[in-house]
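Down below is the structure, laid out as structure tokens.
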Amino acid sequence: MRKQRHQQYNDCPVEAALDVIGGKWKSILLFRVIEETRRFNELRRLIPNVTQRTLTNQLRELERDGLISRKVYAEVPPRVEYSATELGLSLRSVLQALTAWSEDHLLPSFNKKEVVNNQ
């Protein structure tokens, strides 16, 4: 059973959705796993600011909530791959919309600041 932040959502679907994909790293991890199946260390390289413990915990929560699946291969050393489930893939359009919004509204201002700071 998934731990919810609140006992009820007071008819707020956004709050319910953010309970599952909210937080600093979950959406980023889901975005990367939706792109393609990823190994643990590949995710660490793609998201260098996340600690190993936090990455492990966030992946476990995403798996517990049914958004990603974890496949362990019986090899030495062990190989673990993460991929999006059907439920996780259903968030692709949401993450694409966030990407487009960020590119239109946030990244241009970041790029302008970068140009100013480099002059």
Original post:
Could you give every pair whose Cβ atoms fall below 9 Å, whose first residue belongs to the stretch 53-64 and is modelled with pLDDT of 95 or more, and whose second residue is surrounded by 19 or more Cβ atoms within 10 Å (Cβ to Cβ) and small (Gly, Ala, Ser), counting only separations of at least 6 or pairs across chains?
Top reply: Leu62/Gly88
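For (1) in contact with a Phe, Trp or Tyr (Cβ under 6 Å, 6 or more places away or on another chain); (2) in a loop (DSSP other than H, G, I, E, B); (3) over 18 Å from Thr99 (Cβ atoms), each residue gets a yes or a no:
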| site | (1), (2), (3) |
| --- | --- |
| Arg32 | no, no, no |
| Pro48 | no, yes, yes |
| Val76 | no, yes, yes |
| Glu81 | no, no, yes |
Original post:
Within the stretch 73-89, can you find the residues that are exposed (fewer than 12 other Cβ atoms within 10 Å of the Cβ) and at pLDDT below 95?
Top reply: Tyr73, Ala74, Glu75, Val76, Pro77, Pro78
Original post:
Can you name the number of the only condition in (1) more than 20 Å from Phe31 (Cβ to Cβ); (2) hydrophobic (A, V, I, L, M, F, W, C); (3) modelled with pLDDT under 90 that Leu107 fails?
Top reply: (1)
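The values are calculated or read from the model by the stated rules, or taken from the named source; none is laboratory data. In this text, all values refer to a predicted model and were calculated from it rather than measured experimentally. As a convention, Cβ positions derive from the backbone with ideal geometry for all residues, glycine included, and neighbour counts pool all protein chains shown.
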